[in-house]
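The values are calculated or read from the model by the stated rules, or taken from the named source; none is laboratory data. None of these values were measured; they are calculated from a predicted model. Every residue, glycine among them, receives a Cβ derived from its backbone with ideal geometry; neighbour counts consider all protein chains shown. All accessible areas refer to the heavy atoms of the entire protein, side chains included, with ligands and DNA or RNA removed. Shrake-Rupley method; radii C 1.70, N 1.55, O 1.52, S 1.80 Å.
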Amino acid sequence: MPRIRILQPNLRNKIAAGEVIERPASVVKELLENSIDAGSTDIKIDISYGGKHLIRVSDNGSGMDREDASLAFERHATSKLLDEDGLFNIFTLGFRGEALPAIASVSRIKLFTGTEGSGSGIEAEIEGGELKETRAAPPYAGTSIEVKDLFFNTPARKKFLKTDSTEVYHIIDTVTRAAISHWDIGFRLTTDRQETMNLPVASGTKERLMQIFGNEFLAELSEINAKNTGIGLTAFVSKSENFRNSRSNQFVFINRRPVKDLSISHAVYKAFEGVLPRDRHPVFFVFLEIPPHKIDFNVHPAKREVRFVDKEMVYKLVYSRIRDVIRAERTEYTRPFTEAPVTASSEYQFPGSPDFSANRPVVAENLEFNYKPSLPSIYLGGTFVALSGRGGFTVIDYHAAHERILFEKLLKDMRSATRQLLFPVQVRLSAREYRVLLQNVDIIKTFGIEMEDFGHNTVIVRALPEELDDTGVGGVLSDIAADLIEGTASNSPIKEKLAALIACHGSVRGKELPPPEAISGLIDDLEKTEHPDKCPHGRPTRIFFSLDDLNKMFKRK
Ligand code: ADP
Ligand code: MG
């Protein structure tokens, strides 16, 4: 008796759906790609209940005739690939002919489509992968696909879906990525009948970024344009000091397709080496144009990953051009860029006094992040302070120590430290950040940040914790949003994360070092904390060297 059999087409499609359709946002991604490939200039996305009940993508693209409409839902049916050569020369976002049958196998679909000038449109229903009916409908120029009850017939999949809010964050993210690289298309997203994004056709990438993230955000980015052996690079990256605590605003596109590519992200981080403080992240948008025959998108079913013919060249181009811009900017604002580590200066003094109460601070050069010209001349700058006493000396990481103190203070009596702003600050956010912040105003308020909705992806900040100044509020809110999104997804304790984040923003990094009196105050405060030896991220705040340690280190014992 043979045991092997060929799987039924519907089961094959479900298996394919397992790879490409993970959640509502994956449906949105596939439908958007199809609308873009169809040459649309206007795309509307409607969602209800996080996309679990309904996802509708309507476009004004080429549309389909009756024959195409019934073929589109067959597996391996595509208008985008003709032969093997085509597979290595892809100009469209889709080419596998898998998305529609995969979506159809796990949902109920209604299709409306029609081609321009044709006397009638077409209406069809597909349930669990079966084409039920194709009817003539009023003329329609474009396509509208309604996906209802996602995963109704795959309960195991359905169980993995998160709350409606979390699914909406993913959908906004997907629409955002498509919109960033397709500024020549208008996008509108409504979630539960509320307008969430509205992006009219823009004049270029810059205007599109402005529509999504606002002017202030854009002003904090440097633009890079370069071309080398047929590879085009456009990038927008953080100017010095405009760093974030999360990687949430980092985007890479190859031939207008959003991709996850570690080597390109690495090239950007490498370009920021020597400028980027530890645990901070640059904002970046990298757009690469690579001749299609030099790149393979057929690596990942959802086409998220790529293989380059000349990986090293792409890496070098991204790294060197971004680095050049960072260097030029540093020369402009501060002293010239030095790539070699700065050696400890002769101004460094070793504290001789054994009296701990004297707390004479001596500051060692922080090799990582020191180019502020405005530090007081008694200090060299940076973050380390050495203090003598208790039969040895203690090296304190001022930043880490300050973070520990703020962190515990924020967790204990948060409101007492609130400062009402004389001039409330307007902050323009991205749609996703705006949404998650407004849904969590109460939690955020417990940390002394009071804000209100101002409409159009903008909030008004009326109060801040004492430790935060109002200049970088946009960055703080964006980081808080990233933590909240991650927190809701992973159900991790959000209060501690937020306290650590605000403590990090509020601590002294990048600001002028305080006078000696303040340093001794800090040491007292540090002593009073529950965990004086570690910052909220687990790094040491202070390291003690006893006379014994020194004797050993100098091989005198
Ligand atoms: P692929 O995009 O890889 O070709 P899909 O399953 O996503 O595969 O779509 C199958 C085919 O259906 C496409 O090749 C295209 O011809 C047609 N199609 C899908 N969506 C649209 C749309 N919005 N407008 C016009 N044609 C579409
Ligand atoms: Mg497709």
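In region 6-33, how many residues are surrounded by fewer than 21 Cβ atoms within 10 Å (Cβ to Cβ), at pLDDT 90 or above and near ligand 2 (Cβ under 10 Å from one of its atoms)?
Matching residues across region 6-33 total 1.
Please work out which one of (1) within 13 Å of Phe112 (Cβ to Cβ); (2) touching a residue at least 40 places away in the same chain (Cβ under 8 Å); (3) more than 16 Å from ligand 2 (Cβ to nearest atom); (4) outside any loop (DSSP other than H, G, I, E, B) is the condition Arg135 fails and give its number.
The single condition Arg135 does not satisfy is (2).
In this structure, is Ile171 within 16 Å of ligand 1 (Cβ to nearest atom) and aliphatic (A, V, I, L, M)?
no
Which is within 16 Å of ligand 2 (Cβ to nearest atom) and either part of a helix (DSSP H, G or I) or without any contact (Cβ under 8 Å) to a residue 24 or more places away in the chain (or both), of Thr174, Thr143, Thr166, Thr113?
Thr174
Based on what the data block shows, is Ala481 open to solvent by less than 10 Å² (accessible area, probe 1.4 Å) and farther than 30 Å from Met553 by Cβ?
yes
Look at Ile36 and say whether it is assigned to a helix (DSSP H, G or I), open to solvent by less than 50 Å² (accessible area, probe 1.4 Å) and modelled with pLDDT of 95 or more.
Spelling it out, Ile36 is indeed assigned to a helix (DSSP H, G or I), open to solvent by less than 50 Å² (accessible area, probe 1.4 Å) and modelled with pLDDT of 95 or more.
Please go through region 77-89 and give me each residue that is away from ligand 2 (no atom under 12 Å from the Cβ) and outside any helix (DSSP H, G or I), ordered by number.
Passing the criteria: Leu82, Asp83, Phe88, Asn89.
Going by the conditions given, is Phe151 crowded, with 17+ Cβ neighbours inside 10 Å, near ligand 1 (Cβ under 10 Å from one of its atoms) and part of a loop (DSSP other than H, G, I, E, B)?
It is false that Phe151 is crowded, with 17+ Cβ neighbours inside 10 Å, near ligand 1 (Cβ under 10 Å from one of its atoms) and part of a loop (DSSP other than H, G, I, E, B).
Condition test on His293, is it out of contact with any strand residue (DSSP E or B) (no Cβ under 9 Å at 6 or more places or on another chain), in a helix (DSSP H, G or I) and closer than 30 Å to Gly86 by Cα?
Here the answer is yes, as His293 does meet what is asked.
Can you pull out the residues in region 1-33 that are in a helix (DSSP H, G or I) and not aliphatic (A, V, I, L, M)?
Pro9, Asn10, Arg12, Asn13, Lys14, Gly18, Glu19, Pro24, Ser26, Lys29, Glu30, Glu33
What is the residue count in region 63-107 for residues that are in contact (Cβ under 8 Å) with a residue 60 or more places away in the chain and closer than 26 Å to Gly119 by Cα?
6
Just to verify a result, which residue in region 94-109, among those that are near ligand 1 (Cβ under 7 Å from one of its atoms) and assigned to a loop (DSSP other than H, G, I, E, B), is surrounded by the most Cβ atoms within 10 Å (Cβ to Cβ)?
Top of the filtered list is Glu98.
Considering only residues that are surrounded by fewer than 23 Cβ atoms within 10 Å (Cβ to Cβ) and under 17 Å from Gly39 (Cα atoms), look in region 113-135 and name the one that is farthest from ligand 1 (Cβ to nearest atom).
Restricting to residues being surrounded by fewer than 23 Cβ atoms within 10 Å (Cβ to Cβ) and under 17 Å from Gly39 (Cα atoms), the top hit is Gly117.
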